[in-house]
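First the structure, in the form of structure tokens, and then the observations on it.
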Amino acid sequence: MLNLVLFGPPGAGKGTQADFLIEKFQLIHLSTGDLLRTQIAAETELGLEAKSYMDKGFLVPDSIVIGMIKSKLQENKNATGYIFDGFPRTVAQAKALDELLNENGTPVSGMLCLDVEKEELISRLLGRGKTSGRPDDQDVSIIENRIQVYNEKTMPIKDYYQAQNKCHKIQGMGSVEEIAQRLIATVSAL
Ligand code: ADP
């Protein structure tokens, strides 16, 4: 079983690259951002609560996202592998994921860390905001907030996975194809 954690700042290209890895390795895509946006579109109570955090660029509480991942893992018990995209985003989430996966005896295989310069992130997110309609992609101060939240709350996860020897740094600048090839080569060698 291949369990991949796709890691990197907002705008690093996680969603784009997840598509290549899913196709190549037959994985189930679990993106907490996508799951939350589905809840927002359906105007559920969970969606309404999540939206108040997301629109400002803050993290949604751990209990909400961990609960969503837990139920998706239960729904897809026969999967041959997962790619976690945008999750975990805090050390508490990383620990919860380890516990959930260890219950099935299928630990995280590797964490793929996309490395992209800050100026490039901001320009990619503003570009995406023109077509995505995402409120959090349309305002530079919200984007800056997301990057700051990433540095403070999410970066410590790197050490968490490094301590398990699972952290793989991938150069995230270049063409989409080039980056996909780097990722595929790294995963093939896991
Ligand atoms: P990006 O990587 O571009 O920020 P995402 O779709 O992954 O896009 O996330 C959008 C927003 O959804 C985040 O800024 C945050 O508010 C919320 N979110 C997504 N995943 C998580 C998570 N694992 N924990 C907390 N909040 C999350």
Rounded FRET efficiency, nearest 0.05, which uses the C-beta distance separating E103 from D159 and R0 of 25 Å: 0.55
Dividing the mean separation of Cα pairs under 8 Å (6+ apart) by the residue count of segment 24-79 yields a relative contact order in percent of 33
Summed residue charge, Cβ within 14 Å of A42's Cβ, Lys/Arg positive, Asp/Glu negative: -2
Could you please report the charge total around E177, scoring K, R as +1 and D, E as -1 over all other residues with beta-carbon less than 15 angstrom from its beta-carbon? -1
When ligands, DNA and RNA are left out and all protein chains stay put, how many square angstrom of accessible area per residue does segment 26-119 have with a 1.4 Å probe? 50
Pairs of Cα atoms under 8 Å, at least six residues apart: use those to get the relative contact order of the chain, whole percent. 33
Where the centroid of each part is defined by its Cα atoms, how far is segment 160-190 from segment 29-101 in Å? 22
Nearby aspartates and glutamates by direct alpha-carbon distance to K56 (threshold 12 angstrom, same-chain neighbours under 8 apart not counted): D136, D137, D139, E144
Counting only DSSP loop positions in segment 49-142, the GluC sites (Glu not before Pro) whose Cβ has at most 13 other Cβ atoms within 10 Å are E117
Cα-Cα pairs in the chain separated by more than 30 Å, as a whole percent of all pairs, come to 14
Assuming 0.36 nm per residue, please report the length gained on full extension of the stretch A42 to I122 beyond their Cα-Cα distance. 25.9 nm
Determine the shape class of segment 78-190: with a ≥ b ≥ c the square roots of the Cα gyration tensor eigenvalues, call it rounded for a/c under 1.5, and otherwise prolate if a/b is greater than b/c, oblate otherwise. prolate
Over the chain, the sum of -39500 (n - 2.57) across DSSP H runs of at least four, divided by residue number and rounded to 500 deg cm²/dmol, gives at 222 nm -17000 deg cm²/dmol
Could you sort out which of K14/K77; K118/K153; K72/K158 sit more than 19 Å apart by Cα distance in this structure? K14/K77; K72/K158
Residues with beta-carbon under 15 Å from that of V187, excluding V187: net charge, scoring Lys, Arg +1 and Asp, Glu -1? +2
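The values are calculated or read from the model by the stated rules, or taken from the named source; none is laboratory data. Predicted, not measured: the structure shown is a model, and the values here were computed from it. A quick note on method: Cβ atoms are made from the backbone with ideal geometry, for glycine too, and the neighbour counts reach across all protein chains shown. Each accessible area value is taken on the protein alone, full model and side chains, heavy atoms only, with ligands, DNA and RNA left out. Shrake-Rupley method; radii C 1.70, N 1.55, O 1.52, S 1.80 Å.
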